[in-house]
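Remarks on the structure that follows.
FYI, it's all coordinate maths here, none of it is from the lab. Since we're looking at a predicted model, the values are computed, not measured. Virtual Cβ from ideal backbone geometry, glycine too; neighbours counted across all protein chains shown.
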There are 2 protein chains.
Amino acid sequence: MTFDYTTTIRPNLPVSPKPGGQVPAFNFVGGNMDPALIPVDDLIAAFTSVIEREGPSLAFYNTGTGPLGYRPLREFVAKTLKKKAAMDISADEVLIVSGSLQALDLINQLILKPGDTVIIEEATYGGAMSRLDALGVSYEGVALNEGGICMTALADTLERLKDNGVTPKYIYTIPTVQNPTGTIMPLDRRNRMLELADKYGVAIFEDDCYADLIWNEKRPPAIYSLDAANEGRTVLYCGSFSKSVAPAFRLGYIVADWAALKHIVPMKTDGGTSALSQMVMAEFCQTKFASHVSESTASLKEKHDVMLEALAVEFGTIVEVQPAEGGIFLWIKLPDTVDTSVLFPAAGAEGVAINPGSEWTVDGPANKNKMRLCFGSASKDEICAGVAKLAEVCHREFGIPLRSGNVQR
Amino acid sequence: MTFDYTTTIRPNLPVSPKPGGQVPAFNFVGGNMDPALIPVDDLIAAFTSVIEREGPSLAFYNTGTGPLGYRPLREFVAKTLKKKAAMDISADEVLIVSGSLQALDLINQLILKPGDTVIIEEATYGGAMSRLDALGVSYEGVALNEGGICMTALADTLERLKDNGVTPKYIYTIPTVQNPTGTIMPLDRRNRMLELADKYGVAIFEDDCYADLIWNEKRPPAIYSLDAANEGRTVLYCGSFSKSVAPAFRLGYIVADWAALKHIVPMKTDGGTSALSQMVMAEFCQTKFASHVSESTASLKEKHDVMLEALAVEFGTIVEVQPAEGGIFLWIKLPDTVDTSVLFPAAGAEGVAINPGSEWTVDGPANKNKMRLCFGSASKDEICAGVAKLAEVCHREFGIPLRSGNVQR
């Protein structure tokens, strides 16, 4: 028999392209990391140690220890955030989730319904906007500069919304290595954001998923840490092991007080996040996290510098790019004549994957000359060759750059 | 500052009890398995082998191979289902998910909206009903007997709904080791269900998550395999590694044609299921799955027999219980004077965890004298001691059984 799905499934569902699953030759997109940095031997040692000791507990959902996640991993997260981000939290404020993408989904599910409004950064993670679109939630973009969100712009937006009778549900911010601009918000702005959130009765959703990857390893306290309340906090916080160790573990965490977690836990209907991933990660992190992050960050900084240099060599003075303070990407401005939505498929056809500016900004048309390039997974040689290829495609499509790599095109 | 969550979060959200995370002394609930059966050495060998070979691919989301999941695991699933369940499928019909609970959520998200109606078995997995309740979906229970769903009752229900202008969205069935009754639906009923689904234009959701655990290792073909269409199938299928290997891996799978998968993939917004879990599972299963399942099933059958015997010794002739054909649970009927919703907290206070019949049936009040007891994770000694304790509590609460274990109470 042939079944008519069109009458059975919900209408207007998105469609996946037939999944190919090929990594492009020059992979300047996505939160992927460097295959050369995966600590294979240390992971084998960690797995062997933890499974010899605790393997039988895999027979239980959540290893029999409840829905917040594997306790040693939650304790590691609490200890590390206290040390790095001045967050004075206990393991009971930490919910392990299947990557910070699940954190986004759960926090959205906690707070948002169709018709709601939220505030986001004018340039931000594309997946945050696509989620809001899918939920029927409106978003207002707020201007960014070298210190992240401009607080006057935020105050103006909050006031304007208030005048229109709108209380936004949260301010979504990536304050520590902003995606895509790579900036770190200074302490005074963090305090100011809390004041504004309090004044207007708006929650703050602090996404710190790149915060482990800072060139000088110093950072201001998390906004969460500046929120004095113990119960009834203004801030919901998330982080990730995807950038600090590897995305394929699918491990992230929500930090929130019980007033919020008590509602989030029942929404996490997946029977727990992979305990295998959690156990290996916890065991690895006890002894190796700090040195691994230092090594990764040093390598990423080198690749960041290589990409900046390659952009200068291949594109010359026509690109404007601010060095990042950490992370895995650069946010690049090209002349107005370039449309990166057109560059995107042309470059893709030659094996160069980029994020066009329109997908990473609230006002797409105004940012069509921008693009995000990730240097997380490509090697230095791939970065040089890929940026050269991108310049070649850009010249072919838009006539610029006129010269690159000392070659007249 | 103190933030007022009540005005920010969505109204009427469920609340989690403060998570304690203690496994009860006599753990007769949940899909947990036997800690003694976790193949620690084989898992370490599998992990070492696969991570030495492919560890660097952990740097990529989905190991860089696309959203359907780790290909060797999908190929193993396809090969195994072909052999065991006569499902002539390719790896491209298999989507790896984070446990069959995620399969339930994704298939519900594909099909259901508030106000819809579905058909389920009159006694079924409690988590399936709680999901439907949360979605605002109505369900009709259909009578079961020793061969699973009664096809005359199913036909009557479909006809009655049609008369009322209702087309149910799917028939949810656990045909192979039904939860909680432990029966296996024979081939003729499977064919008949497909005929009825076709006649009334209703999809079938076939949940085979216990199907690896059959005492005689023989089973009828999956309903999916009897559905002749290649595109536009009537049947959506799910299975799990939680029972055959271990729940804490969080690995299950949806089998469906691309007409359905193309919509499910974009709904799986978690950035992929733990590749670490998938890689270890695939490597382990290549050489050890068959022997591990045989060993587990033999052990479960012994514990099944021990629990039946303990029930006979402790409760005598007042319990009615049908031996299961596989799986990890027994469905038990007590005299009408017993209310298992009252027995549940009383037994829980003494460390005996049970599933009261009202939580596992559509018509709770009519099944208050029933209960589900799982023997998956408890040892034989724990089964004997736990059933004795349960009889003692039942006697104290309801005056029956009068005698047990040759002791007058």
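The table below lists the values:
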{"read-out": "Distance between segment A:104-146 and segment B:145-173 - C-alpha centres, whole angstrom", "value": "42 Å"}
{"read-out": "Rounded, prolate or oblate (a/c below 1.5 giving rounded, otherwise prolate when a/b exceeds b/c) for segment B:31-74 by Cα gyration tensor", "value": "oblate"}
{"read-out": "Förster radius 30 Å - calculated FRET efficiency between A:Ala25 and A:Ala45, Cβ distance, rounded to 0.05", "value": "0.35"}
{"read-out": "Proximal lysines to B:Lys370, defined as alpha-carbon separation beneath 18 angstrom and excluding residues fewer than eight positions away on the same chain", "value": "B:Lys333, B:Lys389"}
{"read-out": "Scattering profile of segment A:173-281 at q = 0.13 Å⁻¹ [log10 I(q)/I(0), Debye over alpha-carbon scatterers]", "value": "-0.56"}
{"read-out": "Nm distances between copies for B:Glu52, ranked from closest, using label points 7 Å along Cα→Cβ", "value": "1.6"}
{"read-out": "√(5λ) per eigenvalue of the Cα gyration tensor, the protein assembly as shown, largest first, Å", "value": "48, 29, 27"}
{"read-out": "Relative counts (whole %) of C-alpha pair distances in segment B:246-326, using bins that are 5 Å wide", "value": "3, 11, 13, 14, 13, 12, 11, 10, 8, 5, 2"}
{"read-out": "Sorted peptide list for B:318-327, B:136-145, A:203-212, criterion being average Cβ within 10 angstrom, highest first", "value": "A:203-212, B:318-327, B:136-145"}
{"read-out": "Approximate shape of segment A:210-258 as ellipsoid semi-axes (Cα gyration tensor, √5λ), whole Å, largest first", "value": "23, 16, 5"}
{"read-out": "All lysines inside 24 Å of A:Lys83 as judged from Cα atoms, apart from same-chain residues fewer than 8 positions distant", "value": "A:Lys218, A:Lys243, A:Lys288, A:Lys301"}
{"read-out": "For a label point 7 Å along the Cα-to-beta-carbon line of A:Asp198, residues of segment A:231-275 with backbone N under 11 Å", "value": "A:234"}
{"read-out": "Chain B: relative contact order as a whole-number percent, Cα under 8 Å and 6+ apart", "value": "22 percent"}
{"read-out": "Residue (of A:Met151, A:Ala128, A:Met185) at the positive-pole extreme of segment A:118-198, dipole from beta-carbon charges", "value": "A:Ala128"}
{"read-out": "Inter-copy label distances at B:Thr287 (7 Å, Cα→Cβ; nm, one decimal)", "value": "2.6"}
{"read-out": "Cα extents of segment B:39-190 along the three principal axes, largest first (Å)", "value": "60, 33, 28"}
{"read-out": "Phi-based couplings in Hz for segment B:40-46 (Karplus 6.51, -1.76, 1.60; Gly and Pro marked x)", "value": "3, 5, 5, 5, 5, 4, 5"}
{"read-out": "Approximate spin-label separation B:Asp363-B:Leu135, in nm, with each point projected 7 Å along Cα-to-Cβ", "value": "2.5 nm"}
{"read-out": "Distant alpha-carbon pairs in segment A:232-374 (separation over 24 angstrom), percent", "value": "53 percent"}
{"read-out": "Magnitude of the charge dipole, the protein assembly as shown, Cβ model with Lys/Arg +1 and Asp/Glu -1, debye to 20", "value": "40 debye"}
{"read-out": "Euclidean distance of C-alpha centroids, segment A:295-369 and segment B:48-84, integer Å", "value": "32 Å"}
{"read-out": "Cα gyration tensor shape of chain A, rounded if a/c is under 1.5, else prolate or oblate by comparing a/b with b/c", "value": "rounded"}
{"read-out": "Nm distances between copies for B:Ala346, ranked from closest, using label points 7 Å along Cα→Cβ", "value": "7.9"}
